[in-house]
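Q: My questions all concern the structure below.
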Amino acid sequence: MFARRYDSERGTRWLLVGLMLLGFGLRVVALGDKSVWWDEGLAAWAARQSLAAIASWTAHDVHPPLYFWLLHFWRLLSGDSEFGLRLLSAIYGLLTIPATYLLGKRINGRFTGLLAALFITISRFDIGWSQEMRMYALSALLGALALWAAVGVWQVDRRRDWLLYILFMVLGLYNLYLAVMVLVTANLVWLFLVWPHTADRWRNFWHWSLAQAAVLLLYTPWLAYALGRIPTWSRANPVEPWSFLKIYWTVLTVGIPLDVDQYAPFTVPVLLVFLLGVGLIGWRARKRPLDQQKLALLLVGLLLPALVVYIVSLPKASFFYSPPLAPRYLIIFLAAFAALLGWGVAVLSDGRSRPLGFLAAGLAVYAALFGLNSYHNNRVLFDDFPSLTATIEAYQQPDDAVVLYTDTDWPIFAYHYANFWHGIPGAWQMTPQQANDFLDPIWQQHDGLWLVQTQYASIGDPQQHVVSWLAERAAGEVSYPYGDKQLLFFARTPDRAAQAETLIGTEPPFVLDTAVPHLTGYDLQTHDFHSGETMHLFLYWAGGSTAEPVDIGVRPASGGVPFLLATVAAPASAEPVRQQVDLLVSADLTSGSYRLYVDAAEGTAEFGEVHVRQKAANFLTPADVTIQNRVDAQFEQGISLLGYDLGATTYRPGEAVPLTLYWQGSGQISQRYKVFTHVLGEVYNINSDNFLWGQQDNEPENGRRPTTTWRTDEVIRDAYAIPLDPLAPPGVYQIEIGLYDPITGVRLPLDDGSDHRILTTIRVEP
């Protein structure tokens, strides 16, 4: 008996180790292969602050400071890389696996614990937040441990369990305000199901009350500090209860909160398994108070927080803060879901129903793996801010200022550029006087100014008042393009203008010893690219180089025909030069690994390795599409509008006009353009200050197929739903389309010299 038990325990340990290895792999694969987004940039910025500054900032924000304090210390070990900073969350996600096992084991034994650990291991919900610089993976871990400790207090009543219960509850509250739901859940279950069945009720009452008082007492310092500072604004949008429930269940099972109806074939069978398992557990627990307590703890843990998150997210609720509905807040009880699902499957596996249990487990695993199937695909670091900030650091002198224009995405910029900068608020509608008031004090105190112009600058300053103000006063100007952003340098003095492109350090990040004369090295901020993206390559040339043309391209790493990307002139300079070469990754390149090369008259240098992923799998030809209305409008850059489909010719105010455009490119398009679709009326619109009554602007296929990704002769099917103004008066309206540069706002001309095309007319009826 002991031998069998020992073998079983040893086997369990090995299975748990295997699950942890699998879970670690799923959480670290491609961990650094995604650009930092807004919230992550904010976390990275916070981690660079002092502990006191973090406390002050979080007190004015919507989350407590624990995660950011831990990230502050972790950063000292990991550095600032995407992989390094996210690794902390991956570790939390890894530790959630054994924590969930412990919870499941304490609920119903080792088999239930292993099933729960399996479900959490492959949960896209947990894996996704284990790859983000946010506090949610830690919340899932602390939630699992707090529930485990609560059951331990009820079952064993040891001092260690009481201390662990207090510890994990307090840590959870310091990490996420909504962790109070763990405390509320435990107290509700204790009050109605645990306390009535204790032998010494008053002794248990005082012990339990003292534990709750200890939790609140340890949390009181933060509450005393934060209350009065927590924001009182709301960003909630109304969501129907049925829609919320579908989102919640889909996130728990397949881990995807969008387009949830399409996952019903996977989520509904798991729901049936879950309900059947919970029903059997409830039936068996009729005369087992301890099982009733554990079942209630898990069920209340799943349902009560969901109800609270839904209620708090309602705009009409009078809470101090109404966040937008976000399933991530429900991750605190993800281990409760895994444990309850594992318990249900274990009950279904008893006795003769074992095949049913295997089927139930298979359905749950299949749904989770389906959600995980495409999760790691197409993760690419976008090279915009990395190369832009590297350029600032290569040329910036001590008396230069940096201005972010606008600061809408300031946390992302702050992640890549850790030094001091000035930000022009994104909410400003810029006037000449406002530009002068903001820029003049900065301009007078510095020899040069670096202007980081983002894609949002044209929204608040369509007349380019900021750029015009600087250009009028500058002794010299240099510009560097980076996709939908550009970096502009304005020198205030002639001396600084003469040194505008003088390198601060002459050693390249990657040194080369090649046959190409004077080529000393290169720099490349990212190495993974989608077809149609721009690769910002920086070549370093020693002094004394002459302006001779060189070919730059790629050749397959496994051998094959080279692919020429550009021919550029090597700079002629007596000083070391950093040459920016923007290479458009051809849309015709197939997925694979490539080596860069520079081919000059004196020799060839092969260096670095880049990975290209073809942006689109399908290639449509004119024979593959049926176009309702032919147009054949020819734009510059070899762009043709073949025609369009229109859903109807009569609409009502507030409806959307479905329009599908069919584009084709005659060759590689070197620049990204946005499409504008306008509905123009005969009556002046006082709100838009023109005749515009409907508009949708975006890159083709809603940003999925930028013009630089179009392959030669490929047809692009580009769908729009142009929203009509609810106040649009009855009458005849024109549909106008065209293309424009998203940075400058300049429209792309047609061959006839016009900058737009009227497609057709529609009628709006009351």
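The values are calculated or read from the model by the stated rules, or taken from the named source; none is laboratory data. Because the structure is predicted, anything quoted here is derived from the model rather than measured. Glycine gets a Cβ as well: all are built from the backbone with ideal geometry, and neighbour counts include every protein chain shown.
Q: If Pro517 meets every condition in (1) part of a strand (DSSP E or B); (2) surrounded by fewer than 17 Cβ atoms within 10 Å (Cβ to Cβ) apart from one, which number is that one?
A: Failed condition: (1).
Q: Residue under question is Ile54, and the condition is that it be within 26 Å of Ala150 (Cβ to Cβ), surrounded by 15 or more Cβ atoms within 10 Å (Cβ to Cβ) and over 21 Å from the mean Cα position of the chain (by Cα); does it hold?
A: Working: within 26 Å of Ala150 (Cβ to Cβ): no; surrounded by 15 or more Cβ atoms within 10 Å (Cβ to Cβ): yes; over 21 Å from the mean Cα position of the chain (by Cα): yes.
So Ile54 fails the test.
Q: If you don't mind, another one. Can you tell me which condition Ala46 does not meet? The list is (1) over 21 Å from Gly143 (Cβ atoms); (2) over 23 Å from the mean Cα position of the chain (by Cα); (3) free of Cβ contacts under 8 Å to residues at least 40 places away in the same chain, and all the others hold.
A: If we test Ala46 against (1) over 21 Å from Gly143 (Cβ atoms); (2) over 23 Å from the mean Cα position of the chain (by Cα); (3) free of Cβ contacts under 8 Å to residues at least 40 places away in the same chain, just (2) comes out false.
Q: Look at the stretch 86-143 and say how many of its residues are over 23 Å from Tyr67 (Cα atoms) and charged (D, E, K, R).
A: 3
Q: Ok, one more. Could you check the stretch 431-495 for strands (runs of 3 or more DSSP E) lying wholly inside it with 1 or more residues that are in contact (Cβ under 8 Å) with a residue 40 or more places away in the chain and farther than 24 Å from Pro742 by Cβ? I'd like the intermediate steps shown before the answer.
A: Numbers: elements: 448-453, 476-482, 485-491.
Output list reads 448-453, 485-491.
Q: Now for a different question. If you scan the stretch 670-703, which residues turn out to be free of Cβ contacts under 8 Å to residues at least 60 places away in the same chain and part of a loop (DSSP other than H, G, I, E, B)?
A: Result: Ile686, Asn687, Ser688, Asp689, Glu699, Pro700, Glu701, Asn702, Gly703.
Q: Residues to consider are Tyr219, Tyr177, Tyr165; find the one that is among the hydroxyl-bearing types (Ser, Thr, Tyr), in contact (Cβ under 8 Å) with a residue 24 or more places away in the chain and out of contact with any helix residue (DSSP H, G or I) (no Cβ under 8 Å at 6 or more places or on another chain). Step through it out loud before you land on a result.
A: Numbers: Tyr219 fails: out of contact with any helix residue (DSSP H, G or I) (no Cβ under 8 Å at 6 or more places or on another chain); Tyr165 fails: out of contact with any helix residue (DSSP H, G or I) (no Cβ under 8 Å at 6 or more places or on another chain).
Being among the hydroxyl-bearing types (Ser, Thr, Tyr), in contact (Cβ under 8 Å) with a residue 24 or more places away in the chain and out of contact with any helix residue (DSSP H, G or I) (no Cβ under 8 Å at 6 or more places or on another chain) holds for just one of Tyr219, Tyr177, Tyr165, which is Tyr177.
Q: Mind listing just one residue for me: the one in the stretch 493-514 that is in contact with a Gly (Cβ under 6 Å, 6 or more places away or on another chain) and buried (at least 16 other Cβ atoms within 10 Å of the Cβ) and, of those, farthest from Leu470 (Cα to Cα)?
A: To start, the set of residues in the stretch 493-514 that are in contact with a Gly (Cβ under 6 Å, 6 or more places away or on another chain) comprises 496-497, 500, 508, 510-512.
Within this subset, residues satisfying the condition of being buried (at least 16 other Cβ atoms within 10 Å of the Cβ) are 496-497, 500, 508, 512.
On the way: Arg496: 15, Ala497: 13, Ala500: 15, Pro508: 31, Leu512: 38 Å.
Residue satisfying both the conditions and the ranking: Leu512.
Q: On to the next question. Do we find a residue being without any contact (Cβ under 8 Å) to a residue 60 or more places away in the chain, outside any helix (DSSP H, G or I) and not charged (D, E, K, R) anywhere in the stretch 141-148?
A: So far as the stretch 141-148 goes, no, none of its residues is without any contact (Cβ under 8 Å) to a residue 60 or more places away in the chain, outside any helix (DSSP H, G or I) and not charged (D, E, K, R).
Here's the yes/no breakdown for (1) more than 28 Å from Ser586 (Cα to Cα); (2) part of a loop (DSSP other than H, G, I, E, B); (3) among the basic types (Lys, Arg):
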{"residue": "Glu609", "(1), (2), (3)": "no, no, no"}
{"residue": "Thr626", "(1), (2), (3)": "no, yes, no"}
{"residue": "Gln634", "(1), (2), (3)": "no, no, no"}
{"residue": "Leu642", "(1), (2), (3)": "no, no, no"}
{"residue": "Pro653", "(1), (2), (3)": "yes, yes, no"}
{"residue": "Thr660", "(1), (2), (3)": "no, no, no"}
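Q: Grab the strands (runs of 3 or more DSSP E) fully contained in the stretch 528-572, keeping just those with 2 or more residues being of a type in the set (A, V, I, L, M, F, W, C) and outside the structural domain of Gly483 (by TED's automatic domain parsing). Reasoning before the result, please.
A: Working: elements: 528-530, 534-541, 549-556, 563-569.
Counting at least 2 such residues, we get 534-541, 549-556, 563-569.
Q: Please verify whether Ala418 is among the aliphatic types (A, V, I, L, M) and touching an Asp or Glu at 6+ places or on another chain (Cβ under 9 Å), treating the condition exactly as stated. Full working, then the answer.
A: On the way: among the aliphatic types (A, V, I, L, M): yes; touching an Asp or Glu at 6+ places or on another chain (Cβ under 9 Å): yes.
Against the criterion (among the aliphatic types (A, V, I, L, M) and touching an Asp or Glu at 6+ places or on another chain (Cβ under 9 Å)), Ala418 qualifies.
Q: Further question: What is the residue count in the stretch 141-178 for residues that are buried (at least 24 other Cβ atoms within 10 Å of the Cβ), among the small types (Gly, Ala, Ser) and over 17 Å from Ala116 (Cα atoms)?
A: Residues in the stretch 141-178 being buried (at least 24 other Cβ atoms within 10 Å of the Cβ), among the small types (Gly, Ala, Ser) and over 17 Å from Ala116 (Cα atoms): 2 in total.
Q: Based on what the data block shows, is Lys615 among the basic types (Lys, Arg) and modelled with pLDDT of 90 or more? Write out each step before concluding.
A: Working: among the basic types (Lys, Arg): yes; modelled with pLDDT of 90 or more: no.
No: the conditions fail for Lys615.
Q: Scan Ser558, Ser545, Ser531 and give me the residue that is closer than 19 Å to Glu575 by Cβ, small (Gly, Ala, Ser) and either at pLDDT below 95 or surrounded by fewer than 21 Cβ atoms within 10 Å (Cβ to Cβ) (or both).
A: Working: Ser558 fails: closer than 19 Å to Glu575 by Cβ; Ser531 fails: closer than 19 Å to Glu575 by Cβ.
Just one listed residue meets the conditions, Ser545.
Q: Would you confirm, using the coordinates I've provided, whether Asp261 is at pLDDT below 90 and either assigned to a helix (DSSP H, G or I) or surrounded by 19 or more Cβ atoms within 10 Å (Cβ to Cβ) (or both)?
A: Values: at pLDDT below 90: yes; either assigned to a helix (DSSP H, G or I) or surrounded by 19 or more Cβ atoms within 10 Å (Cβ to Cβ) (or both): yes.
Yes.
Q: Please verify whether Ala199 is of a type in the set (A, V, I, L, M), in the same structural domain as Ala335 (by TED's automatic domain parsing) and touching a residue at least 40 places away in the same chain (Cβ under 8 Å), treating the condition exactly as stated. Please lay out each step first, then the result.
A: Values: of a type in the set (A, V, I, L, M): yes; in the same structural domain as Ala335 (by TED's automatic domain parsing): yes; touching a residue at least 40 places away in the same chain (Cβ under 8 Å): no.
Judged against the criteria, Ala199 is not a match.
Q: Are any residues in the stretch 447-488 touching an Asp or Glu at 6+ places or on another chain (Cβ under 7 Å) and of a type outside the set (A, V, I, L, M), and if so, which ones?
A: Asp447, Gly448, Trp450, Thr454, Gln455, Pro481, Tyr482, Gly483, Lys485
Q: Look at Tyr101 and say whether it is assigned to a helix (DSSP H, G or I), aromatic (Phe, Trp, Tyr), more than 20 Å from Asp33 (Cα to Cα) and in contact with a Gly (Cβ under 7 Å, 6 or more places away or on another chain).
A: On the way: assigned to a helix (DSSP H, G or I): yes; aromatic (Phe, Trp, Tyr): yes; more than 20 Å from Asp33 (Cα to Cα): yes; in contact with a Gly (Cβ under 7 Å, 6 or more places away or on another chain): yes.
Yes: the conditions hold for Tyr101.
Q: So, Gly41, is that one part of a helix (DSSP H, G or I), under 17 Å from Trp129 (Cβ atoms) and not hydroxyl-bearing (Ser, Thr, Tyr) or not?
A: Working: part of a helix (DSSP H, G or I): yes; under 17 Å from Trp129 (Cβ atoms): yes; not hydroxyl-bearing (Ser, Thr, Tyr): yes.
So Gly41 passes the test.
Q: Could you list, in sequence order, the residues of the stretch 382-433 that are among the hydrophobic types (A, V, I, L, M, F, W, C) and touching a strand residue (DSSP E or B) at 6+ places or on another chain (Cβ under 6 Å)?
A: Within the stretch 382-433, Leu388, Ile392, Ala394, Ala401, Val402, Val403, Leu404, Trp410, Phe413, Trp421, Ile424 meet the criteria.
Q: So which residues in the stretch 400-439 are in contact with a Gly (Cβ under 7 Å, 6 or more places away or on another chain) and either among the aliphatic types (A, V, I, L, M) or over 15 Å from Ser458 (Cα atoms) (or both)?
A: Start the filter on the stretch 400-439 by keeping residues that are in contact with a Gly (Cβ under 7 Å, 6 or more places away or on another chain), which leaves 400, 404, 406-408, 410-412, 414-415, 426, 428-430.
Asp400, Leu404, Trp410, Pro411, Ile412, Ala414, Tyr415, Met430 - these are the residues of the stretch 400-439 that are in contact with a Gly (Cβ under 7 Å, 6 or more places away or on another chain) and either among the aliphatic types (A, V, I, L, M) or over 15 Å from Ser458 (Cα atoms) (or both).
Q: Counting just the residues of the stretch 659-681 that are of a type in the set (Phe, Trp, Tyr) and at pLDDT 95 or above, which one comes out nearest to Gly647 (Cα to Cα)? I'd like the intermediate steps shown before the answer.
A: The initial filter retains those residues of the stretch 659-681 that are of a type in the set (Phe, Trp, Tyr), namely 662-663, 673, 676.
If we keep only those that are at pLDDT 95 or above too, we end up with 662-663, 676.
Numbers: Tyr662: 15, Trp663: 18, Phe676: 18 Å.
The qualifying residue nearest to Gly647 (Cα to Cα) is Tyr662.
Q: Search the stretch 294-318 for residues that are more than 19 Å from Leu340 (Cα to Cα) and in the same structural domain as Ile281 (by TED's automatic domain parsing) and pair each with any residue that is buried (at least 20 other Cβ atoms within 10 Å of the Cβ) and at pLDDT 90 or above when their beta-carbon atoms are under 7 Å apart and the residues are at least 6 apart or on different chains.
A: Pairs found: Val308/Met181.
Q: If you go through the stretch 661-673 one residue at a time, how many are within 29 Å of the chain's Cα centre (by Cα) and surrounded by fewer than 18 Cβ atoms within 10 Å (Cβ to Cβ)?
A: Matching residues across the stretch 661-673 total 2.
Q: From the set of residues in the stretch 103-140 that are surrounded by 24 or more Cβ atoms within 10 Å (Cβ to Cβ), aliphatic (A, V, I, L, M) and closer than 21 Å to Ile281 by Cβ, which is nearest to the chain's Cα centre (by Cα)?
A: Ile120
Q: Among Leu76, Leu15, Leu21, which is the only one that is of a type in the set (A, V, I, L, M) and either surrounded by 14 or more Cβ atoms within 10 Å (Cβ to Cβ) or assigned to a loop (DSSP other than H, G, I, E, B) (or both)?
A: Working: Leu76 fails: either surrounded by 14 or more Cβ atoms within 10 Å (Cβ to Cβ) or assigned to a loop (DSSP other than H, G, I, E, B) (or both); Leu21 fails: either surrounded by 14 or more Cβ atoms within 10 Å (Cβ to Cβ) or assigned to a loop (DSSP other than H, G, I, E, B) (or both).
Result: Leu15 is the single residue among Leu76, Leu15, Leu21 that is of a type in the set (A, V, I, L, M) and either surrounded by 14 or more Cβ atoms within 10 Å (Cβ to Cβ) or assigned to a loop (DSSP other than H, G, I, E, B) (or both).
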